[in-house]
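The values are calculated or read from the model by the stated rules, or taken from the named source; none is laboratory data. Quick caveat, the model's predicted, so the values are computed rather than measured. Glycine also receives a Cβ, built like all others from the backbone with ideal geometry; neighbour counts cover every protein chain displayed. Just the protein is used for accessible areas: all its heavy atoms, side chains included, with ligands, DNA and RNA removed. Shrake-Rupley method; radii C 1.70, N 1.55, O 1.52, S 1.80 Å.
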Amino acid sequence: MDRETPPTDDRLTEDELARRAADAEIAYEAEIERNLPRNYVANLAHGLLGQTGFRLVNAPTFVPAYIFLLSGSEFAVGLALAAQWIGASASSIFGATLIEHRKRVLPMGLLIGWGMRAGVLGLALGGFFLPDNLALITAIAFLCLFGLFNGMQAVIFNTLMAKVIPLRLRGRLTGFRNFTAGLTAAGVSYLGGKYLVEGNAFGNGYSTTFLVAFILTSIGLSLLMLVREPEPPTIRARATLGGRLREIPAMLRADKALTRFYLAAGLAALGTMAVPFYILYSGERIGLSGTNLAVLSTAFLLAQTGANLAWGTLADRFGNRLVFMSSVGLWAASTLALLFTHDLLGLALVFAGLGAGQGGFQNSNQNIIVEFGARDDLPMRIAVLNTATSLMQAAGPLLGGLIAHNLSFSALFVTSIAVLTGAVILMVFVDEPRKRRLKG
């Protein structure tokens, strides 16, 4: 596999070249440790504001309720959410080819990050200035744009974090970052539902909420410029998109555990077929007022917040494989409980379980993929994971909308539970990559 390395003198012996390569690695690790306090704080601040804003968009409450308000159709809700994930699946591998030959990935990350935020801004402005039929069309288009840039950003920012935050601290950082972001997002969600949506702020409470999300994420992205990114001693040679795609089958054949992990993650992502419909099902039980939307959104985000600290600590002690299985199992159990719950308090508890489960799944996915294989191949491993999960998250809402429309919400939730259970079972057959690496 081709690598780009610093220029060397051909007259040097192999031992001397090896010594220089080892020295370069030591210097690289030393730079990471030297800048760790600054980079830790910068990643925490970026995550706090960025995650706060994006959770308002990604929570299974505001966007599904807004699309249903515009369309009155479960299928339209599924289509809108599918558009977001189709965009993400189409761009992840391209995002890897944008950065894997670069010694610094932050400048490209900032550019892609602003494109992602443009999708949120468009979602907000369409609601303010367009009639419902056009607002629906533009909402689907801007969700697709949001997903398109999100697919690339996820690869770039996860690669950046892997470069500046050592593995020993990554679980706790993501857990604490998501904890603080979740607290803020929960408060903003409650205020958004209670006062912005119910009070129809500025003529459109949903659009006002999305505008707040845009402002928060924009501030967060600006803070990421404080990161000091080290230059690795080796990088991949620049490759075309087609060339890298042709290398993927060999990568999967070379590591069966990685392949099984991709399959398990894809199954869990398919389980999101039910996510946009949790709030619509709850609305049939208790009504979809701004206050109820605020309570359920807050319960979801607060639980996601509190659980992230536990998931991060568990991951650092025992590995992310255990977090994956535990969190996806909790997600499935909470979906089952939803079928038997008919009051606001019970639904709030169910949404708390859903938030905790989905939060753990997202965290374990982001972190476990770093532990498979070499550093130089990390962007492509992340990209393949994001492509697989995004494709399933695109197919999921469409399938969920068809099941909900033609059968029932109950049939949809049972199907989702079966898929999530399959993901847990498959993950049993994946070796913990952290232990495998330590043994090697």
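For residues in the stretch 46-72 being in contact (Cβ under 8 Å) with a residue 24 or more places away in the chain and among the polar types (S, T, N, Q), which is surrounded by the fewest Cβ atoms within 10 Å (Cβ to Cβ)?
Looking only at the stretch 46-72, we keep the residues that are in contact (Cβ under 8 Å) with a residue 24 or more places away in the chain, and these are 46-57, 59-71.
Now drop any that are not among the polar types (S, T, N, Q), which leaves 51-52, 61, 71.
On the way: Gln51: 26, Thr52: 26, Thr61: 28, Ser71: 19.
Here the residue is Ser71.
Looking at (1) closer than 23 Å to Leu216 by Cα; (2) modelled with pLDDT of 85 or more, find the lone condition where Leu70 falls short.
(1)
Taking Gly220 and the conditions (1) in contact with a His (Cβ under 7 Å, 6 or more places away or on another chain); (2) open to solvent by 30 Å² or more (accessible area, probe 1.4 Å), which numbered condition does it fall short on, given that it satisfies the others?
If we test Gly220 against (1) in contact with a His (Cβ under 7 Å, 6 or more places away or on another chain); (2) open to solvent by 30 Å² or more (accessible area, probe 1.4 Å), just (2) comes out false.
So is Leu216 under 20 Å from the mean Cα position of the chain (by Cα) and not β-branched (Val, Ile, Thr) or not?
yes
Of the conditions (1) at pLDDT below 85; (2) open to solvent by 40 Å² or more (accessible area, probe 1.4 Å); (3) part of a helix (DSSP H, G or I), Arg102 fails just one. Which one is it?
Result: Arg102 passes all but (3).
So, in the stretch 334-372, of the ones that are open to solvent by 10 Å² or more (accessible area, probe 1.4 Å) and in a loop (DSSP other than H, G, I, E, B), which residue ends up nearest to Ala274 (Cα to Cα)?
My answer is Leu339.
Within the stretch 159-187, how many residues turn out to be in a helix (DSSP H, G or I) and either among the small types (Gly, Ala, Ser) or at pLDDT 80 or above (or both)?
We begin by selecting, within the stretch 159-187, every residue in a helix (DSSP H, G or I); these are 159-164, 167-187.
Then keep just the ones that are either among the small types (Gly, Ala, Ser) or at pLDDT 80 or above (or both); that gives 159-164, 171, 175, 181-182, 185-187.
Within the stretch 159-187, residues that are in a helix (DSSP H, G or I) and either among the small types (Gly, Ala, Ser) or at pLDDT 80 or above (or both) number 13.
Going by the structure shown, is Phe176 aromatic (Phe, Trp, Tyr), within 22 Å of the chain's Cα centre (by Cα) and open to solvent by 50 Å² or more (accessible area, probe 1.4 Å)? Full working, then the answer.
Details: aromatic (Phe, Trp, Tyr): yes; within 22 Å of the chain's Cα centre (by Cα): yes; open to solvent by 50 Å² or more (accessible area, probe 1.4 Å): yes.
In short, yes.
Only one residue in Leu134, Leu145 is surrounded by fewer than 17 Cβ atoms within 10 Å (Cβ to Cβ) and aliphatic (A, V, I, L, M), so which one is that?
On the way: Leu145 fails: surrounded by fewer than 17 Cβ atoms within 10 Å (Cβ to Cβ).
After applying the criteria, what remains is Leu134.
Of the residues Ser327, Ser410, which is open to solvent by less than 50 Å² (accessible area, probe 1.4 Å), among the polar types (S, T, N, Q) and in a helix (DSSP H, G or I)? Explain how you work it out, then say what you get.
Values: Ser410 fails: open to solvent by less than 50 Å² (accessible area, probe 1.4 Å).
None of the others qualify; the one that does is Ser327.
Restricting to the stretch 256-274, count the residues that are open to solvent by less than 20 Å² (accessible area, probe 1.4 Å), within 12 Å of Leu426 (Cα to Cα) and of a type outside the set (A, V, I, L, M, F, W, C).
2
Residue by residue through the stretch 73-87, note down the ones that are among the hydrophobic types (A, V, I, L, M, F, W, C) and either open to solvent by 20 Å² or more (accessible area, probe 1.4 Å) or within 15 Å of Thr272 (Cα to Cα) (or both). Quick ask: steps written out before the conclusion?
Applying the first criterion (among the hydrophobic types (A, V, I, L, M, F, W, C)) to the stretch 73-87 yields 75-77, 79-83, 85-86.
Once the filter is applied, which keeps residues that are among the hydrophobic types (A, V, I, L, M, F, W, C) and either open to solvent by 20 Å² or more (accessible area, probe 1.4 Å) or within 15 Å of Thr272 (Cα to Cα) (or both), the stretch 73-87 yields Phe75, Val77, Leu79, Ala80, Leu81, Ala82, Ala83, Trp85, Ile86.
Among the residues that make up the stretch 367-383, is at least one of them under 14 Å from the mean Cα position of the chain (by Cα), more than 22 Å from Phe318 (Cα to Cα) and of a type in the set (A, V, I, L, M, F, W, C)? Spell out how you get there, then give the answer.
Looking only at the stretch 367-383, we keep the residues that are under 14 Å from the mean Cα position of the chain (by Cα), and these are 367-369, 382-383.
Applying the additional criterion that residues be more than 22 Å from Phe318 (Cα to Cα) yields 383.
Remaining after also requiring of a type in the set (A, V, I, L, M, F, W, C): 383.
Yes, some residue in the stretch 367-383 is under 14 Å from the mean Cα position of the chain (by Cα), more than 22 Å from Phe318 (Cα to Cα) and of a type in the set (A, V, I, L, M, F, W, C).
One line per residue, one yes/no per condition, for (1) out of contact with any Asp or Glu (no Cβ under 7 Å at 6 or more places or on another chain); (2) at positive phi; (3) surrounded by 18 or more Cβ atoms within 10 Å (Cβ to Cβ); (4) not hydrophobic (A, V, I, L, M, F, W, C):
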site: Tyr195; (1), (2), (3), (4): yes, no, no, yes
site: Gly199; (1), (2), (3), (4): yes, no, no, yes
site: Tyr206; (1), (2), (3), (4): yes, no, yes, yes
site: Ala254; (1), (2), (3), (4): yes, no, no, no
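I'd like the full set of residues that are open to solvent by less than 20 Å² (accessible area, probe 1.4 Å) and either within 14 Å of Asn367 (Cβ to Cβ) or over 18 Å from the mean Cα position of the chain (by Cα) (or both), limited to the stretch 179-193. Give the derivation first.
Quick first cut of the stretch 179-193, residues open to solvent by less than 20 Å² (accessible area, probe 1.4 Å) only: 181-182, 185-186, 189, 192-193.
Ser189, Gly192, Gly193 - these are the residues of the stretch 179-193 that are open to solvent by less than 20 Å² (accessible area, probe 1.4 Å) and either within 14 Å of Asn367 (Cβ to Cβ) or over 18 Å from the mean Cα position of the chain (by Cα) (or both).
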